[in-house]
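To keep things clear, I will list the structure first and then write my remarks on it.
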Amino acid sequence: MLCIRNSEKCLLWVRVLSNEVYIIGAGETKFGELWNKSLRNLAVEAGLKAIEDAGIYSRDVDAIYGANSLAGVINQQENIGALIADFSGLSADGIPSLRIESSTASGGAALRDAYLSIKSGEYDVVVVGGVEKMTDIHGNDILEKSSSILDREWEAFFGATPAAMAALIARKYMHDFNVEKEALSMFSVNDHLNGSKNPDAQFRNKLTIQQAMNATAVADPLNMMDCSPLSDGAAALVLASESYTKKNNREGIRILSSAVAEDYLAVGSRKSIYTLNSTKLAVEKAFRKAQIKRSDISFMEVHDSFSIYGLLELEDLGFAEKGKAKDLVYDEIKLDGSIPVNPSGGLKAKGDPYGAVGVGQAVDAYKQLMGKAGDNQIKDAGYALIHNMAGTGSSSVIHILGE
């Protein structure tokens, strides 16, 4: 507690958020079309892996934060927090378990809430999970349900889908900045190259630039290789306070900062359809809190649900000027480039289970920083930036991790 005083007496006691927060364990399922696993199966599998990796017991857990986006409309299952607590065996102990929903940024939002709960001093050990089961429906049904991440009245009602909105943004961006389709395709090529070495990735095939350029059209100028898949999957982390990690001699990766910002939900309300203002605002907050520079970042995991977003994110995260990300996608974003992007395979290759994405990004960053990323390990990885985005950019959650 900090005392704010005049010269004679204390006027106000203020709680100071000084407790450092560490990731001490991580686990995830494979991402993909997991027909033989239910929503609850996936959540529990990832959570138990994270707890085992952290070397803790269920009695050590103070709270659970579970991320999910669409279980209510796809699986007809709400009350996800209780579901996770029940089937992970924690309900008997009365451990609080909350669902966090922020569209496709649910995972990042859950991680942020868990981080703040420890930062405040309320908890010492928290489990963060993200889960989505998207292949229980298909065709027009899943297209309609996944379009609920847009503005229903002003976008989806008129036939817009996430792919259609990304295509409109891509067309305008390519026109205004003279960007060729090949630049978008290179982002997918990079994702698949990295995903080919990730055992948890949905797609482990490499792509040539010709295959990426000539795939079946989805929404011009985007084709199948520009779009992330519909995925099932879950990921989980164990977060702990600095005092807990020291007392119990646990190794971990520190969360240097967490930040979130909002933009208009409908793309048509924004000043520029190819500027992710929520991303720009959140990343500035994150760097200011972390007290490091962009040049210190060893790699990034970004929310490239469509290839065009990968380019926009490079720019709005501050690693390229507007319209200039095309200069980075050929060599600089590779694992041995100046700013490696999506060592995990990103949303295009690793997969895109909406509620699990942000937590899964943190799982991959944790493995990299712990030196446990296998064939995708980046040499001397010191700091990671994670960007998780809702819909077409209505919300962005940024986390910076480091030793």
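Values computed for the structure shown
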read-out	value
Too-long pairs where the Cα-Cα distance tops 28 Å, listed order kept, from Lys181/Lys348; Lys197/Lys326; Lys197/Lys280; Lys206/Lys271; Lys49/Lys280; Lys280/Lys334	Lys197/Lys280; Lys206/Lys271; Lys49/Lys280
Residue-averaged 222 nm ellipticity for the chain, from DSSP H runs of 4+ at -39500 (n - 2.57), nearest 500	-9500 deg cm²/dmol
Residue with peak Gaussian network fluctuation, the chain [Cα springs, cutoff 10 Å], from Ala166, Ala109, Ala212	Ala212
The chain, accessible surface, carbon-and-sulfur percent (1.4 angstrom probe)	50
Three-way shape label, the stretch 57-168, alpha-carbon gyration tensor, a/c 1.5	prolate
Relative contact order of the chain, defined on C-alpha pairs under 8 angstrom at six or more residues apart (%)	25
Dimensionless Rg/Rh of the stretch 209-277 - Kirkwood Rh, Rg from C-alpha atoms	1.19
Residue-normalised accessible area of the stretch 87-168, given per residue in Å² at a 1.4 Å probe	43
Positive-end residue of Ser102, Ile56, Ala356, charge dipole of the chain with Cβ unit charges	Ile56
The stretch 284-403: relative contact order as a whole-number percent, Cα under 8 Å and 6+ apart	30
Charge dipole (the stretch 282-345, unit charges on Cβ, about Cα centre) - positive-most of Val329, Gln291, Ser305	Gln291
With at most 13 neighbouring Cβ atoms within 10 Å, loop chymotrypsin sites (Phe, Trp or Tyr not before Pro) (DSSP) excluded, longest segment of the chain	58-403
Which label in (i) 32, 24, 21; (ii) 28, 26, 21; (iii) 37, 23, 20 gives the computed semi-axes √(5λ) of the Cα gyration tensor in Å	(i)
Computed magnitude of the charge dipole of the chain (debye, nearest 20; Cβ of K, R +1, Cβ of D, E -1)	740
Prolate/oblate/rounded call for the stretch 272-403, Cα gyration tensor, a/c under 1.5 rounded	rounded
Formal net charge of residues neighbouring Gly323 (Cβ-Cβ distance under 13 Å; K, R +1; D, E -1)	-2
Lys247-Gln291 FRET efficiency (beta carbon distance; Förster radius 30 Å; 0.05 resolution)	0.70
Share, in percent, of DSSP beta bridges within the chain that are antiparallel, nearest 5	75
Global geometry of the stretch 191-235, whether rounded, prolate or oblate, following the gyration tensor of its Cα atoms and the 1.5 cut on a/c	oblate
Rounded to 10°, Cα long-axis angle of helix 357-369 versus longest principal axis of the chain	70
On Cα atoms only, tilt of 181-195 relative to the major axis of the chain in degrees	50
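The values are calculated or read from the model by the stated rules, or taken from the named source; none is laboratory data. Remember, it's a predicted structure, so these values are computed and weren't measured experimentally. Glycine gets a Cβ as well: all are built from the backbone with ideal geometry, and neighbour counts include every protein chain shown. Side chains included, ligands, DNA and RNA excluded: accessible areas come from the protein's heavy atoms. Shrake-Rupley method; radii C 1.70, N 1.55, O 1.52, S 1.80 Å.
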